[in-house]
Amino acid sequence: MGLQCTTIQTLKLAAVPISRSSSSYSSSYLCRAMPKALTLELLSRHNRSQKPAFTLLARALSVQTAPATESFDAQVARPQWKAAIDFKWIRDNKGEVAINIKNRNSNANLKLVLDLYEKMSSLQKEVERLREERNAVAKKMKGKVEQSERQKLIEEGKNLKDQLATLDEELVKLKDELQQEAQCMPNMTHPDVPVGGEDCSTIRKMVGSPREFNFPVKDHVQLGKELDLFDFDAAAEVSGSKFYYLKNEAVMLEMALINWSLSEAVKRGFTPLTTPEIVRSSVVEKCGFQPRGENTQVYSIVGSDQCLIGTAEIPVGGIHMDSIIAESSLPLKYAAVSHCFRTEAGAAGAATRGLYRVHQFSKVEMFILCQPEESESFHEELIRIEEDLFASLGLHYKSLDMATEDLGAPAYRKFDVEAWMPGLGRYGEISSASNCTDYQSRRLGIRYRPSELQSTSPKKSKGNLAPTQFVHTINATACAVPRMIVCLLENYQQEDGSVIIPDPLRPFMGGLELISPKSG
């Protein structure tokens with residue numbers, strides 16, 4: 001084409017206050033939105049002599065999408081989507097809800113939600129009263145009345161119409177404000193979850209014991225340098241800190257880990273997926289994460305409604321958005337391969353060096369949609385799969401029942417797995433499994449219809465169909481590649497500087513058994 005142009009998009013970091021869970025390889029981002037100044041500009045140039053360059057893609061709810069012509073500020077002022085939250089349930093259980101908010105250290109404002117709900121209820125009653133009066137006036141005017149009386153009715157009807165228009169406008173604003181506040185409320189919490197911060201989390205299981213070395217232990221950064229597996233310096237020049245190049249056997253190891261964990265998931269009945277790595281901001285929000293705010297983990301594309309994903313949980317959750325699934329199709333089990341992008345705002349120090357905490361990484365994520373009564377058993381199934389995978393690699397690890405302050409907004413209960421990393425001299429999180437109950441599905445609008453009408457249900461739908469119910473969603477990390485590489489290098493290092501490849505991965509590395517130092 002004859003036109004030469006430069007397209008500029010801006011990747012803007014936006015955030016919320018970080019807890020440990022919000023910076024983990026699970027995914028927990030909180031609520032509230034404030035723009036942040038730091039931006040990264042993405043350029044793509046097209047001209048006559050060049051082909052187009054690759055561009056960087058950079059309780060109950062219903063969904064309402066904002067018009068595409070609205071500005072970003074307008075979208076923030078009015079919700080892009082609306083959660084049909086059970087406000088009556090919140091009011092009737094306000095004591096329990098208040099304790100839950102306190103235990104989770106949430107910034108949700110229950111008092112404001114209750115106050116707004118009462119105002120909205122009162123205003124709705126007033127609107128209904130005026131509409132009844134207006135209908136009564138209209139009914140009188142249909143009959144035979146004197147002209148003088150008709151004129152009075154006309155004036156009365158006009159006054160009622162004006163009052164209703166004013167009150168309707170106030171009601172819309174009040175509902176929007178209530179919606180914004182209520183959508184910041186976290187999920188309820190499983191009664192067995194320990195209360196408190198990260199230190200209050202309890203150990204579910206301890207597997208194996210730390211390997212004993214009879215030679216000085218190296219960390220993965222030193223091993224990677226000596227074996228020519230990484231290049232952090234070049235990546236820092238090209239992309240910035242917390243980026244990396246994998247080289248030689250490390251590339252093969254990444255591919256092996258993905259293919260191995262994916263194949264293991266498929267054996268267990270999961271459908272393999274690759275996902276989009278850019279999604280709409282509204283989908284991120286519906287999954288319970290906040291894309292725009294202080295200290296977020298989400299890269300948001302300024303001037304658009306899109307974000308880079310921090311976990312495949314988000315695009316997988318969006319597959320069945322605004323749909324009704326047949327009961328016979330449940331459970332739906334997915335194993336999704338994707339790149340993930342995290343700002344890792346606030347993360348610093350020796351404990352996060354090397355591959356442990358990075359801005360971009362590959363991950364295999366398991367995701368289940370099921371009937372409500374099955375979610376706890378599937379949550380247990382997912383943590384067992386994780387434990388089986390890590391045990392088969394010979395890793396020493398512990399699984400934890402995470403405390404209330406470490407859950408993040410969507411999780412009803414969360415189990416983490418922390419593996420021993422001898423080079424770092426500590427345990428590090430390598431996976432997480434969360435039961436989000438119906439918190440996400442009510443926002444995403446994912447329902448199922450029971451095949452038979454239950455006699456215990458007082459509700460009946462058209463055609464004698466059972467009323468729809470929201471599914472439950474559960475997610476778990478099968479393999480977060482960089483941290484798995486950290487574990488394998490540090491735990492399988494040998495005195496001569498080589499690293500043994502665990503048996504399960506060898507078929508996926510062309511039979512390679514050892515990463516050896518390069519000669520010369």
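The values are calculated or read from the model by the stated rules, or taken from the named source; none is laboratory data. What you see is a predicted model; the values in this text were computed from it and never measured. Neighbour counts run over all protein chains shown; Cβ positions are idealised from the backbone, glycine included. Heavy atoms of the whole protein, side chains included, go into the accessibility calculation; ligands, DNA and RNA do not. Shrake-Rupley method; radii C 1.70, N 1.55, O 1.52, S 1.80 Å.
Give the number of residues within the range 251-303 that are of a type in the set (S, T, N, Q) and assigned to a loop (DSSP other than H, G, I, E, B).
Qualifying residue count for the region: 5.
Does residue 206 count as in a loop (DSSP other than H, G, I, E, B) and among the aliphatic types (A, V, I, L, M)?
So residue 206 fails the test.
With in contact with a His (Cβ under 6 Å, 6 or more places away or on another chain) and either open to solvent by 10 Å² or more (accessible area, probe 1.4 Å) or closer than 18 Å to residue 364 by Cα (or both) as the only criterion, which of 249, 254, 277 stands out?
Step by step, each of 249, 254, 277 is checked, and only 277 is in contact with a His (Cβ under 6 Å, 6 or more places away or on another chain) and either open to solvent by 10 Å² or more (accessible area, probe 1.4 Å) or closer than 18 Å to residue 364 by Cα (or both).
Among the small types (Gly, Ala, Ser), closer than 30 Å to residue 409 by Cβ and either open to solvent by 50 Å² or more (accessible area, probe 1.4 Å) or in a strand (DSSP E or B) (or both) - does that describe any residue in the range 187-201?
Among the residues of the range 187-201, not one is among the small types (Gly, Ala, Ser), closer than 30 Å to residue 409 by Cβ and either open to solvent by 50 Å² or more (accessible area, probe 1.4 Å) or in a strand (DSSP E or B) (or both), which makes the answer no.
Hey, does the range 121-135 have a residue that's modelled with pLDDT of 90 or more, open to solvent by less than 80 Å² (accessible area, probe 1.4 Å) and under 16 Å from residue 90 (Cβ atoms)?
Yes, the range 121-135 has at least one match.
Given the criterion in contact with a Leu (Cβ under 9 Å, 6 or more places away or on another chain) and either open to solvent by 50 Å² or more (accessible area, probe 1.4 Å) or assigned to a helix (DSSP H, G or I) (or both), identify the matching residue among 149, 156, 181.
Exactly one residue qualifies, and that residue is 181.
Read through the list (1) open to solvent by 10 Å² or more (accessible area, probe 1.4 Å); (2) of a type in the set (Gly, Ala, Ser); (3) under 14 Å from the mean Cα position of the chain (by Cα), then give the number of the only condition that residue 317 fails.
Of (1) open to solvent by 10 Å² or more (accessible area, probe 1.4 Å); (2) of a type in the set (Gly, Ala, Ser); (3) under 14 Å from the mean Cα position of the chain (by Cα), only one is false for residue 317: (1).
Test residue 69 against the criterion of being touching a helix residue (DSSP H, G or I) at 6+ places or on another chain (Cβ under 8 Å), at pLDDT below 55, of a type outside the set (Lys, Arg) and open to solvent by 60 Å² or more (accessible area, probe 1.4 Å), and give yes or no.
For residue 69, the condition - touching a helix residue (DSSP H, G or I) at 6+ places or on another chain (Cβ under 8 Å), at pLDDT below 55, of a type outside the set (Lys, Arg) and open to solvent by 60 Å² or more (accessible area, probe 1.4 Å) - is not met.
For residue 262, indicate whether it is modelled with pLDDT of 95 or more, closer than 15 Å to residue 312 by Cα and open to solvent by 20 Å² or more (accessible area, probe 1.4 Å).
Yes: the conditions hold for residue 262.
With respect to residue 211, is the statement that it is surrounded by fewer than 17 Cβ atoms within 10 Å (Cβ to Cβ) and not in a loop (DSSP other than H, G, I, E, B) true?
Judged against the criteria, residue 211 is not a match.
Restricted to the range 372-401, and to residues that are in contact with a helix residue (DSSP H, G or I) (Cβ under 7 Å, 6 or more places away or on another chain) and open to solvent by less than 40 Å² (accessible area, probe 1.4 Å), which residue is nearest to residue 185 (Cα to Cα)? So that I can check it myself, show each step before the final result.
The initial filter retains those residues of the range 372-401 that are in contact with a helix residue (DSSP H, G or I) (Cβ under 7 Å, 6 or more places away or on another chain), namely 389, 392-393, 395, 397, 399.
Next, only the ones that are open to solvent by less than 40 Å² (accessible area, probe 1.4 Å) stay: 389, 393, 395, 397, 399.
Working: 389: 35, 393: 39, 395: 38, 397: 33, 399: 27 Å.
Among those that are in contact with a helix residue (DSSP H, G or I) (Cβ under 7 Å, 6 or more places away or on another chain) and open to solvent by less than 40 Å² (accessible area, probe 1.4 Å), it is 399.
Taking the range 469-506 as the search range and keeping residues that are touching a Phe, Trp or Tyr at 6+ places or on another chain (Cβ under 8 Å), open to solvent by 10 Å² or more (accessible area, probe 1.4 Å) and in a helix (DSSP H, G or I), which one is nearest to residue 268 (Cα to Cα)?
So, considering only residues that are touching a Phe, Trp or Tyr at 6+ places or on another chain (Cβ under 8 Å), open to solvent by 10 Å² or more (accessible area, probe 1.4 Å) and in a helix (DSSP H, G or I), the one nearest to residue 268 (Cα to Cα) is 504.
Condition check: modelled with pLDDT under 95 and on the phi > 0 side of the Ramachandran plot. Does residue 173 satisfy that?
It is false that residue 173 is modelled with pLDDT under 95 and on the phi > 0 side of the Ramachandran plot.
Within the range 414-421, is there a residue that is at pLDDT 95 or above, open to solvent by 10 Å² or more (accessible area, probe 1.4 Å) and of a type in the set (Asp, Glu)?
The answer is yes, given that some residue of the range 414-421 is at pLDDT 95 or above, open to solvent by 10 Å² or more (accessible area, probe 1.4 Å) and of a type in the set (Asp, Glu).
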